[in-house]
1. If I ask for residues that are under 16 Å from residue 76 (Cα atoms), touching a helix residue (DSSP H, G or I) at 6+ places or on another chain (Cβ under 8 Å) and surrounded by 15 or more Cβ atoms within 10 Å (Cβ to Cβ), which ones from the range 157-209 would you list?
2. Can you list residue pairs whose Cβ atoms sit under 6 Å apart, with the first residue in the range 172-195 being free of Cβ contacts under 8 Å to residues at least 24 places away in the same chain and the second being of a type in the set (Phe, Trp, Tyr) and assigned to a loop (DSSP other than H, G, I, E, B)? Count only pairs 6 or more apart in sequence or on different chains.
3. Inspect the range 155-173 for any residue being more than 30 Å from residue 121 (Cβ to Cβ), in a loop (DSSP other than H, G, I, E, B), modelled with pLDDT of 95 or more and among the β-branched types (Val, Ile, Thr) and give the result as yes or no.
4. Of the residues that sit in the range 191-215 and are outside any helix (DSSP H, G or I) and either over 30 Å from residue 126 (Cα atoms) or hydroxyl-bearing (Ser, Thr, Tyr) (or both), which one is farthest from the chain's Cα centre (by Cα)?
5. Under the condition of being more than 16 Å from residue 75 (Cα to Cα) and surrounded by 18 or more Cβ atoms within 10 Å (Cβ to Cβ), which residue from the range 22-45 is modelled with the highest pLDDT?
6. What pairs can you find where one residue is in the range 119-144 and assigned by TED's automatic domain parsing to the domain that holds residue 181, the other is β-branched (Val, Ile, Thr) and part of a loop (DSSP other than H, G, I, E, B), and their Cβ atoms are less than 6 Å apart, with a gap of 6+ or different chains?
7. Does the range 177-187 contain any residue that is in contact with a Cys (Cβ under 9 Å, 6 or more places away or on another chain), of a type outside the set (Val, Ile, Thr) and either within 18 Å of residue 70 (Cα to Cα) or outside any helix (DSSP H, G or I) (or both)?
Amino acid sequence: MIRGFYAAKTGMVSQQNALNIISNNVSNINTIGFKPQVTAFASLLYQNIDGGSGAQISTGSGSKVQKIGIDFSSGELEPTGRDLDCAIEGDGFFGVLNKTTNTITYTRDGVFHISVEGDQRFLVDAIGNYVLGKDGNPLNVTDGYDSELIGVFSFPNRYGLELLGGNQFAQTNVSGPAQVDTVSIIREGYIESSATDSATEMVKVLQANSAFSFNSRVVQSADEMEKTVNQLR
């Protein structure tokens, strides 16, 4: 009974974590270039117990969230008619340099603007970070803007990127170093919509709620059985 109680408890925690991920995906359904997260579950430690007559029964200890991954499926490309809006057709990312921290991150959000700094003009993202050119440096557009100068970068393993929030990703040892992407294409005058599919997320909500409710009933039943046993002592 104690074993069942704690196994069901871990199941409830796992499903609650899954619901949090789904909630974040749904809340970003209108975020440009957003990539939804996906949850993978794993069983906790299994062990064999004596089932009598020499038989062994394999029993588990519940479940856990093994990994939270990223679905890098491309969103739809939507025309805006604005020259500074750019979408990537392919697996690449735009690189941006944070003016405050001087760190480089990567994004699929291509809503860009021009920042006038003295007699210089730079291409920046929606929050003012420098957009990188193909040479990896902030893109100076003082002499004119051309989307073909914008850098697009790819990684040996994009699934190893670290999700930072704010639609930004960071390079890691697992992702490998950023490299210039010569395959992906920039579509000027377009934005990439969120890759979140509302119907898929709603199905996940129903599944997670069902699993959470089942585990909750197991916890309740285990608790009632334990109370009954204690009363018989």
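The values are calculated or read from the model by the stated rules, or taken from the named source; none is laboratory data. Since the structure is predicted, the reported quantities are computational estimates derived from the model, not experimental observations. When we count neighbours, we look across all protein chains shown, and the Cβ atoms used for this are built from the backbone with ideal geometry, even at glycine.
1. 186, 188, 196
2. Partner pairs satisfying both residue conditions: 175/155; 176/155.
3. yes
4. 193
5. 22
6. From the range 119-144, the pairs are 120/142; 121/141; 121/142; 123/141.
7. Scanning the range 177-187 turns up at least one residue that is in contact with a Cys (Cβ under 9 Å, 6 or more places away or on another chain), of a type outside the set (Val, Ile, Thr) and either within 18 Å of residue 70 (Cα to Cα) or outside any helix (DSSP H, G or I) (or both).
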